[in-house]
Amino acid sequence: MSARNPGIGAAAVREWSQTVPPGSSILDLGCGHGVPVSQVLIVEGFTLYGVDASAKLIAAFRQRFPNAYTECSAVEDSEFFGRTFDGVVAVGLMFLLPAEIQRIVIGKVAKALSPGGKFMFTSPQEPVSWPDALTGHPSVSLGLAGYEQILRAEGLFLVGEGSDEGGNHYFLVSRV
């Protein structure tokens, strides 16, 4: 997603949402202010749960989507992981987390997904690290092979990949 074009990723999320049972519950990790990811999912009729560590972004999210469930928390500490979901999305988040936290989050997603549940997240396809443009903190992609290894260990399977008009790489995952 891009701050300059808040619609980037909307089509990819909409397409992914068609693989999730209509009207089911979806968890948006790192939901930010909710546009476009949560917005698309709410418009498509899903019950949305959003978690973000930024109090300012959660406040904006709550103002936009007062009927959604929200939590201001680091994603790895979210109490929402005590529930089950038919879908989980993490757009623009995973690579911002340290490698070990990414592993923890994937493990928690695996436990929170219902059988047949879907998980979509963005991260570069290649293993790479770089300083985040906004914060200067390190960003890291574990790469296709790294993510596949973690996913398999958690009982999740990579079922596809894609990209959007902003050049974001999507990993499409399913729980058996």
Residues with amide H under 5 Å from that of I8, placed H, sequence gap 5 or more = S2
remark   = For percent of Cα pairs over 29 Å apart the list reads [x] 31; [y] 10; [z] 26; the calculated value is entry [y]
query = Among the aspartates and glutamates, which fall within straight-line cross-link reach of K56, defined as a Cα-Cα distance under 15 Å, with same-chain neighbours fewer than 8 residues apart omitted?
reply = E71
inquiry  = Using only alpha-carbon positions, what ratio does the radius of gyration of region 108-176 give when scaled by 2.2 N^0.38 Å?
reply    = 1.19
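What is the dipole size for the chain, taken about its Cα centre, with +1 at each Lys and Arg Cβ and -1 at each Asp and Glu Cβ, in debye to the nearest 20?
It works out to roughly 280 debye.
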request  = Please tell me the relative contact order of the chain in percent, rounded to the nearest whole number, where contacts are Cα pairs under 8 Å and at least six residues apart.
outcome  = 20 percent
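Throughout, read-outs are computed from the coordinates displayed, never taken from laboratory work. Please read these numbers as outputs of a predicted model, since none were measured by experiment. FYI the Cβ positions are ideal-geometry reconstructions off the backbone, even for glycines, and counts take in every protein chain you see.
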